[in-house]
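Visitor: Just dropping this structure here.
The values are calculated or read from the model by the stated rules, or taken from the named source; none is laboratory data. Since we're looking at a predicted model, the values are computed, not measured. Counting neighbours? That spans all protein chains shown, and the Cβs are built from the backbone with ideal geometry, glycine included. When the accessible area is computed, the model is the full protein with side chains, heavy atoms only, and any ligands, DNA or RNA have been set aside. Shrake-Rupley method; radii C 1.70, N 1.55, O 1.52, S 1.80 Å.
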Amino acid sequence: MVHAKGGSETWSGRSKLTAGTIHTLVVLDSSNGLEVTDLMDAAGSIVMPNGGAATASRHGPAPASSSLPWLAAVAAGALLTLAGGYRLRRVRAVARHAR
């Protein structure tokens, strides 16, 4: 008996696992609730399989994002810090001369 739980969804069912086989149970959240698929990776194999199951999912790893937005944000922060320091220095200089 196999039980799967994700968020507020649950699934229970049977999966036949034969001795000497390697299986991957894939749990997907669909509009009808949780769906569990039993994939047999190897049967009677002496060598363990390498890598994950080929599920043909559209939800693969996301492509690497550009670091340009982060660099722009850091540069803008540095410019604001320098401008604030310059203004603070000028205000203090004027206050010293007013004494």
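Visitor: Give 94, 47 a once-over and let me know the one that is open to solvent by 100 Å² or more (accessible area, probe 1.4 Å), hydrophobic (A, V, I, L, M, F, W, C) and either modelled with pLDDT under 80 or assigned to a loop (DSSP other than H, G, I, E, B) (or both).
Guide: Details: 94 fails: open to solvent by 100 Å² or more (accessible area, probe 1.4 Å).
Unique residue meeting the criteria: 47.
Visitor: Would you check if residue 57 is polar (S, T, N, Q), within 31 Å of the chain's Cα centre (by Cα) and modelled with pLDDT under 70? Break it down into steps so the answer makes sense when it comes.
Guide: On the way: polar (S, T, N, Q): yes; within 31 Å of the chain's Cα centre (by Cα): yes; modelled with pLDDT under 70: yes.
In short, yes.
Visitor: Could you grab the pairs with beta carbons closer than 7 Å, sequence gap of 6+ or different chains, first residue in the range 21-37 and open to solvent by 70 Å² or more (accessible area, probe 1.4 Å), second one among the hydrophobic types (A, V, I, L, M, F, W, C)?
Guide: Partner pairs satisfying both residue conditions: 25/2; 25/36; 27/4; 27/34; 27/36; 35/28.
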